[in-house]
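Read the structure below first, then the notes.
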Amino acid sequence: MISGPPQTNRSLKEDFLALGLNSNMTLMVHSSLSSIGWVVGGACTVVDALLNVVSDKGTLVMPAATPQCEDPAVWKDVVIPDKWLAEVRDNLPVFDPEITPTQMGAIAECFRTWPGSLRSNHPIGSVCARGPLAQKITAEHPMTFCEGAGTPFEKLYDLDSWVLLLGVGFNRCTMLHYAESRSEKRRTQKNRFPIMENGQRIWKEVDDMANDNGRLFPTVGAEFMATGAVKKGSIGEAESMLFQARDLVHFAEDRFNKIL
């Protein structure tokens, strides 16, 4: 059953412009398609509207993470019985930037396959980008601390980019992982995934930022909103937030230093 009016390419563009998006932006988008309401044409309509507003002058960026490429022992959506773990590990496909789908939602997956989109080569934390700065953002993605120094997230910080939370909260904002990576007290964990190295399939274990699991990110996000640095508005039926990445990083790094 459809509830609410249809959201169209035209209405979405109007909403994006009203919130403050423009053609000069480098913009990272975290999104939920279902929060927008009924979109005529689905996820691809949202991507097309975003690209029309950002235009060829701006650069659109979205997360393309692949938690399904991690060790199945830590999967959250599917619990693998212990007796199957060895078989699943032995047959788990190695990440392929060309074909491995992202699990960051329908909008991000549509953008991954959009003509002209580039993708960074990280087995679990990749990023897609399209526009003049796409190559610069995606060209390098260190295996260790995939949201830290030298990664696309640091590039987004350096480029003074903007972040759009489209129908999602700060628990989905990866720039908070980057901010915490700069903190003196950052939380870390080990991640494991299969890769191809010298023609052989091996398991790689790396240091990475720990999952927040909703512990601190929503609180830090709410405190950041209270500073007045966040533009709020609706994209369709989705409550959304727009802000500069540097503003969030500077604020959150200071908060993490005090509360971790």
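The values are calculated or read from the model by the stated rules, or taken from the named source; none is laboratory data. Please read these numbers as outputs of a predicted model, since none were measured by experiment. Glycine also receives a Cβ, built like all others from the backbone with ideal geometry; neighbour counts cover every protein chain displayed. Just so you know, the surface numbers come from the protein's heavy atoms only, side chains and all, with ligands and any DNA or RNA stripped out. Shrake-Rupley method; radii C 1.70, N 1.55, O 1.52, S 1.80 Å.
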Tell me, yes or no, whether segment 127-146 has at least one residue that is in contact with a His (Cβ under 6 Å, 6 or more places away or on another chain) and surrounded by 24 or more Cβ atoms within 10 Å (Cβ to Cβ). yes
Residue check, Ser55 among the polar types (S, T, N, Q), under 30 Å from Arg192 (Cα atoms) and open to solvent by less than 40 Å² (accessible area, probe 1.4 Å): no
Restricting attention to segment 71-89, and to residues there that are among the acidic types (Asp, Glu) and either open to solvent by 100 Å² or more (accessible area, probe 1.4 Å) or in a helix (DSSP H, G or I) (or both), which single residue is modelled with the lowest pLDDT? Asp77
Might you let me know whether segment 57-77 holds any residue that is basic (Lys, Arg) and under 24 Å from Ala106 (Cβ atoms)? yes
Count, please, the residues in segment 20-76 that happen to be β-branched (Val, Ile, Thr) and under 17 Å from the mean Cα position of the chain (by Cα). 7
So Gly4, is it out of contact with any helix residue (DSSP H, G or I) (no Cβ under 8 Å at 6 or more places or on another chain), on the phi > 0 side of the Ramachandran plot and surrounded by 15 or more Cβ atoms within 10 Å (Cβ to Cβ): no
Which ones in segment 21-53 are part of a loop (DSSP other than H, G, I, E, B) and closer than 27 Å to Ser126 by Cα? Leu21, Asn22, Ser23, Asn24, Met25, Ser32, Gly41, Gly42
